[in-house]
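K.L.:
After the structure tokens below, expect a handful of questions from me.
The values are calculated or read from the model by the stated rules, or taken from the named source; none is laboratory data. Since the structure is predicted, the reported quantities are computational estimates derived from the model, not experimental observations. A quick note on method: Cβ atoms are made from the backbone with ideal geometry, for glycine too, and the neighbour counts reach across all protein chains shown.
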Amino acid sequence: MNKTYKTRIDTVIQYIESNLNSRITLADVAEVSHFSPYHFHRIFTGIMGETVNDFIARRRLERAVNQLVFNPDMPVTQVALDLGFSSSANFSKAVKLHFGYSPSELRNPDKVKDSKIGKLFSKYGKEFQPSDLYPSSITNDVMNRKTFKDTNMKIEVRELERKRVCTLASERGYEPEGIYAAWDKLISWASNHGIMPGNQQRFALAFDNPAVTPIDKCRYTAAIVIGEETLVNAPFELSEIPNGKYAVLYYKGPVEETLNAQLSIYSDWLPDSGFEPDNYPMMERYLNDARSDGFVEMEIYVKLKEI
């Protein structure tokens with residue numbers, strides 16, 4: 001993809017993500033893009049695979065559902081207003097239409113009897129059940145189960161210094177082929193710039209919750225820490241990981257259990273921690289090669305701010 005196009009669309013996405021709780025007009029978004037308003041919508045749809053309106057509506061609903069699940073004491077009306085809906089009734093209608101379930105059913109999946117097929121399946125082909133939003137509680141009893149015999153977990157709050165990174169986004173979201181392709185290219189680039197594989201600090205930025213976002217729409221960016229003088233050219237991008245406090249969960253175990261590990265930070269640890277997530281995507285720091293080892297060893301980072 002042309003670097004200018006990608007940079008402008010990335011700027012649009014950042015603008016949308018920062019203003020989901022406000023009214024977003026198409027004219028404003030087109031202006032942010034610096035593309036002609038006559039052609040911007042076609043450019044966005046061609047690159048993103050969905051219209052601007054569909055993208056805004058989907059991201060607003062995905063964020064709202066995460067709020068419903070991870071802030072169970074927050075009234076539905078408050079969730080609705082915080083995400084820019086005019087009323088809880090309009091919010092409930094939109095949630096039901098998209099997911100096939102009402103907000104109360106999403107918060108109480110055990111009471112769900114039936115549902116309608118929402119847009120999430122009919123439009124994006126993603127099968128969805130409210131129970132997908134709730135990880136198995138990761139306790140000592142769970143850890144002793146046979147399926148977790150090789151799993152070790154520990155969580156701590158850690159101060160992280162700013163890190164300058166070279167990044168490359170997966171072109172296929174969270175699909176394994178897209179993730180591996182991005183990493184293969186980035187690891188090769190780093191090696192060619194004098195950062196040997198054994199010395200590479202590898203982070204991944206995971207922007208979306210795959211329980212509610214179609215896998216190919218999830219945004220995943222691979223990143224390797226670089227020196228202050230290292231130059232970065234397209235298709236790679238220069239970025240930085242901000243300094244601050246992070247909740248860090250060490251995980252070692254089956255790849256298929258990583259989602260439970262990630263969600264456990266939000267469901268089991270954050271509510272009583274005295275912190276809430278800051279406005280920065282979840283990160284994973286990889287400590288091994290899961291493709292060759294058959295398991296993943298990593299640290300999961302969630303940037304924090306005090307409540």
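K.L.:
Any idea which of (1) over 26 Å from LEU263 (Cα atoms); (2) hydrophobic (A, V, I, L, M, F, W, C); (3) modelled with pLDDT of 95 or more is the one ILE241 doesn't satisfy?
P.N.:
ILE241 satisfies all of (1) over 26 Å from LEU263 (Cα atoms); (2) hydrophobic (A, V, I, L, M, F, W, C); (3) modelled with pLDDT of 95 or more except (1).
K.L.:
Ok, one more. Take ALA89 and decide whether it is in a helix (DSSP H, G or I), more than 19 Å from VAL212 (Cβ to Cβ), of a type in the set (Gly, Ala, Ser) and in contact with a Phe, Trp or Tyr (Cβ under 7 Å, 6 or more places away or on another chain).
P.N.:
Details: in a helix (DSSP H, G or I): yes; more than 19 Å from VAL212 (Cβ to Cβ): yes; of a type in the set (Gly, Ala, Ser): yes; in contact with a Phe, Trp or Tyr (Cβ under 7 Å, 6 or more places away or on another chain): no.
Spelling it out, it is not the case that ALA89 is in a helix (DSSP H, G or I), more than 19 Å from VAL212 (Cβ to Cβ), of a type in the set (Gly, Ala, Ser) and in contact with a Phe, Trp or Tyr (Cβ under 7 Å, 6 or more places away or on another chain).
K.L.:
Also: Check whether at least one residue in segment 293-300 is assigned to a loop (DSSP other than H, G, I, E, B) and either in the same structural domain as ALA169 (by TED's automatic domain parsing) or touching a Gly at 6+ places or on another chain (Cβ under 7 Å) (or both), and report yes or no.
P.N.:
yes
K.L.:
For segment 277-307, how many residues meet the condition of being within 24 Å of ASP73 (Cβ to Cβ), under 16 Å from the mean Cα position of the chain (by Cα) and acidic (Asp, Glu)?
P.N.:
Looking only at that region, the number is 1.
K.L.:
Taking segment 1-27, which residues are small (Gly, Ala, Ser) and either in a helix (DSSP H, G or I) or in contact with a strand residue (DSSP E or B) (Cβ under 9 Å, 6 or more places away or on another chain) (or both)?
P.N.:
The first filter runs over segment 1-27 and keeps only residues small (Gly, Ala, Ser), leaving 18, 22, 27.
Of everything in segment 1-27, those that are small (Gly, Ala, Ser) and either in a helix (DSSP H, G or I) or in contact with a strand residue (DSSP E or B) (Cβ under 9 Å, 6 or more places away or on another chain) (or both) turn out to be SER18, ALA27.
K.L.:
Among the listed residues LEU259, LEU238, identify the single one that is in the same structural domain as PHE207 (by TED's automatic domain parsing), in contact (Cβ under 8 Å) with a residue 12 or more places away in the chain and within 21 Å of GLN201 (Cβ to Cβ). So that I can check it myself, show each step before the final result.
P.N.:
Values: LEU259 fails: within 21 Å of GLN201 (Cβ to Cβ).
So the residue among LEU259, LEU238 that is in the same structural domain as PHE207 (by TED's automatic domain parsing), in contact (Cβ under 8 Å) with a residue 12 or more places away in the chain and within 21 Å of GLN201 (Cβ to Cβ) is LEU238.
K.L.:
Can you tell me which residue in segment 8-44 is farthest from the chain's Cα centre (by Cα), limited to those that are surrounded by 15 or more Cβ atoms within 10 Å (Cβ to Cβ) and among the polar types (S, T, N, Q)?
P.N.:
Selected residue: SER33.
K.L.:
Which of the following residues is closer than 20 Å to ASN66 by Cβ and either out of contact with any Leu (no Cβ under 6 Å at 6 or more places or on another chain) or assigned to a loop (DSSP other than H, G, I, E, B) (or both): SER267, SER239?
P.N.:
Just a single option satisfies the conditions, and that option is SER267.
K.L.:
Within the bounds of segment 48-55, is there any residue that is buried (at least 18 other Cβ atoms within 10 Å of the Cβ), farther than 24 Å from PHE236 by Cβ and in contact with a Lys or Arg (Cβ under 6 Å, 6 or more places away or on another chain)?
P.N.:
Within segment 48-55, none of the residues are buried (at least 18 other Cβ atoms within 10 Å of the Cβ), farther than 24 Å from PHE236 by Cβ and in contact with a Lys or Arg (Cβ under 6 Å, 6 or more places away or on another chain).
K.L.:
Out of segment 43-86, which residues are in contact with a Gly (Cβ under 7 Å, 6 or more places away or on another chain) and over 20 Å from GLU105 (Cβ atoms)?
P.N.:
Of segment 43-86, the ones in contact with a Gly (Cβ under 7 Å, 6 or more places away or on another chain) are 60.
Within segment 43-86, no residue meets the criteria.
K.L.:
Among the residues of segment 161-220, how many are of a type in the set (S, T, N, Q) and outside any helix (DSSP H, G or I)? Walk me through it before giving the result.
P.N.:
Start the filter on segment 161-220 by keeping residues that are of a type in the set (S, T, N, Q), which leaves 167, 170, 188, 191-192, 199-201, 209, 213.
Now drop any that are not outside any helix (DSSP H, G or I), which leaves 167, 170, 200-201, 209, 213.
Of the residues in segment 161-220, 6 are of a type in the set (S, T, N, Q) and outside any helix (DSSP H, G or I).
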